[in-house]
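Undergrad: Got a structure for you, questions after.
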Amino acid sequence: MKTLLLTGLVLAGSTLTLAQASAQTAPAAPPAKTTVTIRAEGTDLSGTVRSPKPKKCAEGRTVVVRKQIGTRGGGDDLRFASDTASLNGTTYQWSTGNTGTPGRFYAVVRAIPGCKGDLSPTIRAVRNP
C-alpha cells in the first residue's frame, strides 16, 4: 500500500513539472491588429484608431499625419502633425483641428509591443470656398 501511494505522488509531481514546463515555453501571443483611419472636412483632419485590444493598442496611441509630397513612401513625405487617440463615446479618435493646409495626407501608427502598426489610405484635403 505504501509503495502504491508513493508511486502516485511521484507520478503527480512529474505531471505538474511537465505542465509548468509547457507553460513557460509557450510562444508569446502575436501582436494585435491595429487600424488607423483619416478623413478631411475642408482642411480639418481627423480619424480613428481601432483594435481588438483597444485599451492596449488604441488608447493613448500616437497618430502621425504625413503630407505626401511625391510618390507615397518615396522618402520625401513630411511629418505634418500628430495627435493622441482618446476615447470619444465608443471609439478612439484623433484630430489635428483645422490645419489650413490643402494637400494629400495619410495617417501612421507605429508598432508598439503587442500591437501592430498601420498606415491609412491617402486622402486629399481641400480648402472650403
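Coordinate-derived values only; no laboratory data. These numbers come from a predicted model, not from an experiment. Heads up, the Cβs are rebuilt from the backbone with ideal geometry, glycines too, and the neighbour counts pull from every protein chain shown.
Undergrad: Between S95 and T35, what is 0.36 nm times their sequence separation minus the Cα-Cα distance? Round to one decimal in nm. Present the calculation step by step, with values, prior to reporting the outcome.
TA: Numbers: separation 60, 0.36 × 60 = 21.60 nm, distance 1.56 nm.
That pair, S95 and T35, stretches by 20.0 nm at full extension.
Undergrad: Sorted by mean Cβ packing within 10 Å, highest first, what order do the peptides 79-88, 102-111 take? Don't jump to the answer; show the numbers that get you there.
TA: Numbers: 79-88: 15.4, 102-111: 18.7.
Averaged packing, sorted descending, gives the order 102-111, 79-88.
Undergrad: Here is a further query. With 10 angstrom as the radius, rank T71, T90, T34 by how many other C-beta atoms surround their C-beta, starting from the fewest. All intermediate terms of the calculation are to be shown ahead of the outcome.
TA: Values: T71 9, T90 6, T34 23.
So the residues, fewest neighbours to most, are T90, T71, T34.
Undergrad: Related question: Taking every eigenvalue of the Cα gyration tensor of the stretch 35-125, multiplying by 5 and rooting it, what semi-axes result, largest first, whole Å?
TA: Numbers: eigenvalues 96, 48, 17 Å².
Rounded to whole Å, the semi-axes are 22, 15, 9.
Undergrad: Sticking with this structure for a sec: Could you please report the charge total around T62, scoring K, R as +1 and D, E as -1 over all other residues with beta-carbon less than 11 angstrom from its beta-carbon? Walk me through the numbers before you get to the answer.
TA: On the way: positive: R61, R110; negative: D83.
Here the count lands on +1.
Undergrad: I've got another one for you. Around R124, what is the net charge, scoring Lys/Arg as +1 and Asp/Glu as -1 over all other residues with Cβ under 13 Å from its Cβ?
TA: So the surrounding residues net to +4.
Undergrad: Hey, another quick one. Order these peptides, 118-125, 60-67, 36-43, by their mean beta-carbon neighbour count within 10 angstrom, highest first. Don't jump to the answer; show the numbers that get you there.
TA: Values: 118-125: 16.0, 60-67: 19.6, 36-43: 17.5.
Ranking the peptides 118-125, 60-67, 36-43 by packing returns 60-67, 36-43, 118-125.
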